[in-house]
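Please read the structure below before turning to the comments.
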Amino acid sequence: MPYKYNKLRGRIVEKFGSQEKFAKTLKKSNVSVSRKMNGKVGFSQNDMVEWGNLLHIPLEEYGEFFFT
C-alpha cells in the first residue's frame, strides 16, 4: 500500500506556495520532488531531515508526514 503525502503536500504549499518553489529551494528538479511525492522514489533519511528542516516539521511528527 503506497504512502499518501497529503499532509506533506499541504505543508509544502503552506510554507513555499508551490511544490516548484520548494524544489528550487532544495536545488532539485520539480520532477525529482514529484517522483518522491507520488511514491515512485522513496525518501532517504537525509531527505526527511532536509525536508523536515525546511518545512519546520518536528522530528516527533515525521511519521505523520512521511509514513502515512
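The values are calculated or read from the model by the stated rules, or taken from the named source; none is laboratory data. Remember, it's a predicted structure, so these values are computed and weren't measured experimentally. Quick reminder, even Gly has a Cβ in these numbers, built from the backbone with ideal geometry, and neighbours come from all protein chains shown. What goes into the accessible areas is simple: the full protein's heavy atoms, side chains included, and nothing from ligands, DNA or RNA. Shrake-Rupley method; radii C 1.70, N 1.55, O 1.52, S 1.80 Å.
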Exercise for review: Output the residues belonging to segment 26-47 that are part of a helix (DSSP H, G or I) and either closer than 17 Å to residue 2 by Cα or of a type in the set (D, E, K, R) (or both).
Suggested key: 33, 34, 35, 36, 37, 47
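It is to be established whether one or more residues within segment 11-25 are among the polar types (S, T, N, Q), open to solvent by 40 Å² or more (accessible area, probe 1.4 Å) and assigned to a loop (DSSP other than H, G, I, E, B).
Going residue by residue through segment 11-25, those that are among the polar types (S, T, N, Q) are 18-19, 25.
Then keep just the ones that are open to solvent by 40 Å² or more (accessible area, probe 1.4 Å); that gives 19, 25.
Applying the additional criterion that residues be assigned to a loop (DSSP other than H, G, I, E, B) yields none.
No: zero hits.
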Review point. Could you give every pair whose Cβ atoms fall below 9 Å, whose first residue belongs to segment 1-20 and is among the aliphatic types (A, V, I, L, M), and whose second residue is at pLDDT below 95, counting only separations of at least 6 or pairs across chains?
Key: 8/68
